[in-house]
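The values are calculated or read from the model by the stated rules, or taken from the named source; none is laboratory data. Here the structure is a predicted model, which means the values were calculated and not measured. With ideal geometry, Cβ positions are generated from the backbone for all residues, glycine too; neighbour counts draw on all protein chains shown. Just the protein is used for accessible areas: all its heavy atoms, side chains included, with ligands, DNA and RNA removed. Shrake-Rupley method; radii C 1.70, N 1.55, O 1.52, S 1.80 Å.
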Amino acid sequence: MRPIQEPDRFSHPPPTPPVQLTALTLALLGITFVADVWLPAEVPVGPVYGALLLLMLWEVRPNRVFLVAGVATMLILTELVVSEPGPFNGIRMVNAIAGIAGVWLIAFGIQRYGYRTAERQRALRDAEDLRYALDQSAILATTDVKGDITFVNDTFCEISKYSREELLGRNHRILNSGLHPPEFFKELWRTIAHGRVWRGELRNRAKDGSLYWVDTTIVPFLDATGRPYQYVSIRYDITERKATEARLREQASLAQLGRMAAVVAHEVRNPLAGIRGALQVIGQRMAPDATERGIVTEIVNRVDTLNAIVEDLLLFARPRPPVIREVTFAELSAKLQTQLGNDPAFAQIEIRMAPADVRMHADPEMFTLVMLNLMTNAAQAMKGTGCIDVSVQENDVWYDVLVADTGPGIPPDVQVRLFEPFFTTKARGTGLGLATARRIIESHGGTLTLACPATGGTVATVRLPISLSAEAR
Ligand SMILES: Nc1ncnc2c1ncn2[C@@H]1O[C@H](COP(=O)(O)OP(=O)(O)OP(=O)(O)O)[C@@H](O)[C@H]1O
Ligand SMILES: [Mg+2]
């Protein structure tokens, strides 16, 4: 298959021949008739009529040959009538009949041939138009039986961000995003190798690392023995739909979580406060050197951890609306300093902060919490040694606050689940850090993304709209 470039190919009219063949043949028949009248009677002109009729082989409207054959018959008969009777009357009669018979025989032959050719051309044109229609609407590719790409259309190049030259001859695997397990692809190959059509939704990775979802149909083309000789894949971009579905799922689970949090707040937090108070009283009543004091302290610590988890959950499930005001990096650094100063995970970590006079607009408490989460994640990923670089970029529309670390980066299977509530890879994590951070940033009208650049580490980007500054006034 090759791409069809003509922009208006689909609505083209059937091609009309440059020469009007029917008119030309009729004119030539007229000339033959005049010559026939002048020529001696014994010269047979019938074959000339027949030969002229052959011109109609190139006529695109095959039925017109009958019109020409009718005119030729009339001319032959007219010549027979108008010419003077003579000694060759018998021969002329035979010639005329043979001529007319020949003309009609040829006419029928040409009509059949023309009809078949027109049908074939129409089928070919239909196939081309169909391919053009597909080319305009879908992401198309063909591969050989090994999965090596043999054709891609422009839409394929656009979405995958590879050039045609980079794709042709390469295996389809270069688009694999690592999301689908090997069994998924085994099943796909099993289906198409058996000559059956495969349908499904695939997530691919573009050249720049971005991910896109495609609704895919792979059709095997079979040879005479019924074995596939190539596969044609027709795909449609469904990235938007997938994102909407994920958002809807998330909203549904958040609503559920909100309801659950209300119950937890009431049923768990209050008894916890009671237990903690009672333990403290017991602890105070113990002798200063009693060994059980340590146990009581440990229980109080555990209760505090439990309480912190409940607080996290409440914060995530029921965030308050942000109160936006101007925040300087000096203020932010001071807040972070007090929070991170006691954290042993940061003891060996070098923190490079953006200049103290950088200003932005956000809810200071909420923004500090987001930064705390991002920096704690960075420090934990670096296992206590490395560098966290906090920088700010801005343009007319937004600020980007970047938190870059020198850690190991994030594996693809973790990347897709980063913002899922309760997803964690840590033994003592709640998995609410990023989910809460994103909720907070979204309540500011911004976005939070994490990326792993090729140079290593992880960069978290908090994007806040500049319009927040107007809101704060
Ligand atoms: N900078 C980072 N480098 C590597 N992996 C990261 C980084 N940030 C987050 N992750 C991964 O994302 C997961 C989810 O992070 P998140 O902050 O939501 O939860 P957590 O840190 O595991 O637990 P919590 O923050 O609730 O204590 C982490 O478990 C970790 O695997
Ligand atoms: Mg975290």
### Query
Roughly speaking, what is the centre-to-centre gap between segment 140-209 and segment 353-388 when only Cα atoms are used, to the nearest Å?
40
### Message
What's the magnitude of the charge dipole for segment 292-333 around its Cα centre, counting Lys and Arg as +1 and Asp and Glu as -1 at the beta-carbon? Answer in Debye, nearest 20.
### Response
160
### Message
For a distance above 26 Å, tell me the whole-number percent of Cα pairs in segment 325-472 that qualify.
### Response
20
#### Entry: Between segment 434-466 and segment 398-433, the Cα center-to-center distance that results, in Å
10
### Query
Using +1 on the beta carbon of Lys and Arg, -1 on that of Asp and Glu, and nothing else charged, what's the dipole of segment 159-253 about the Cα centre, debye to 20?
120
### Message
Angle check, please: helix 64-82 long axis (alpha carbons) against the longest principal axis of the chain (alpha carbons), in degrees 0 to 90, nearest 10.
### Response
10
### Query
How many Å² of accessible area per residue for segment 9-135, probe 1.4 Å?
61
### Summary
Here, GLN348 and SER210, labelled 7 Å along Cα→Cβ, have an inter-label distance in nm of 3.9
### Summary
Rounded to the nearest 0.05, FRET efficiency between ARG417 and ASN307 (Cβ-Cβ, R0 30 Å) equals 0.65
### Task
Convert each backbone phi in segment 141-146 into a coupling constant with the Karplus relation 6.51 cos²θ - 1.76 cosθ + 1.60 (shift: θ = phi - 60°), then list the ³J(HN,Hα) values in order as whole Hz, x for Gly and Pro.
7, 10, 10, 7, 5, 8
### Message
Along the charge dipole of the chain, pointing to its positive end and built from +1/-1 on Cβ of Lys, Arg, Asp and Glu, which listed residue (PRO288, LEU313, PRO181) has its Cα farthest out?
### Response
PRO288
### Message
Once each part is reduced to its C-alpha centroid, what is the distance from segment 213-247 to segment 39-66 in angstrom?
### Response
54
### Under the Karplus curve 6.51 cos²θ - 1.76 cosθ + 1.60, θ = phi - 60°, whole-Hz ³J(HN,Hα) for segment 263-278, x wherever Gly or Pro sits
5, 4, 4, 7, 7, 10, 5, 5, x, 4, 4, x, 4, 4, x, 4
### Message
Taking 8 Å as the Cα distance limit and 6 or more residues as the minimum spacing, I'd like the relative contact order of the chain as a percentage.
### Response
9
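Would you mind calculating the gained length between ALA35 and ASP289 on full extension (0.36 nm times residue separation, minus the Cα-Cα distance), in nm to one decimal?
Working: separation 254, 0.36 × 254 = 91.44 nm, distance 13.94 nm.
The span from ALA35 to ASP289 would gain 77.5 nm if fully extended.
Over the chain, with every protein chain in place, what whole percent of the accessible area is carbon and sulfur at 1.4 Å, could you tell me?
Heavy-atom surface of the chain belonging to carbon and sulfur, 1.4 Å probe: 60 percent.
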### Task
Starting from the Cα of LYS242, draw a straight line to each of the lysines and keep only those under 29 Å, dropping any in the same chain fewer than 8 residues away.
LYS161, LYS186, LYS207, LYS426
### Message
Given points 7 Å out from each Cα along the Cα-Cβ axis, report the SER137 to ARG247 separation in nanometres with one decimal.
### Response
2.6
### Query
Considering the dipole of segment 9-135 built from charges on the beta carbon (Lys and Arg +1, Asp and Glu -1) around the Cα centre, which of VAL45, ALA98, TRP58 is farthest to its positive end?
TRP58
### Query
When the label point is put 7 Å from the Cα of GLU394 along its Cα-to-beta-carbon vector, which residues of segment 446-466 have a backbone N closer than 14 Å?
463-466
#### Entry: Sequence-separation-based contact order of segment 9-135, relative, with Cα cut under 8 Å and 6+ spacing, percent
34
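Can you compute the FRET efficiency between ALA118 and ILE91 using 1/(1 + (r/R0)^6), with r the Cβ-Cβ distance and R0 = 35 Å? Round to the nearest 0.05.
Calculated transfer efficiency: 0.35.
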### Task
Report, please, the projected area of segment 138-237 averaged over directions, based on the convex hull of its C-alpha atoms, in nm².
5.8
#### Entry: Against the rule of thumb 2.2 N^0.38 Å, how large the Cα Rg of segment 9-135 comes out
1.37
### Query
If you average the sequence gap of Cα pairs under 8 Å that are 6 or more apart and divide by the length of segment 138-237, what percent do you get for the contact order?
30
### Query
Which value, in debye to the nearest 20, gives the size of the charge dipole of segment 243-317 about its Cα centre, when Lys and Arg are +1 and Asp and Glu are -1 at the Cβ?
160
### Task
With the convex hull built on the Cα atoms of the chain, state its orientation-averaged projected area in nm².
38.7
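How much FRET efficiency would the formula 1/(1 + (r/R0)^6) give for ALA51 and LEU130, where r is the Cβ-Cβ distance and R0 is 56 Å, rounded to 0.05?
0.90
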### Task
With a probe of 1.4 Å, find how much accessible area segment 243-317 has per residue, and write the answer as a whole number in Å².
67
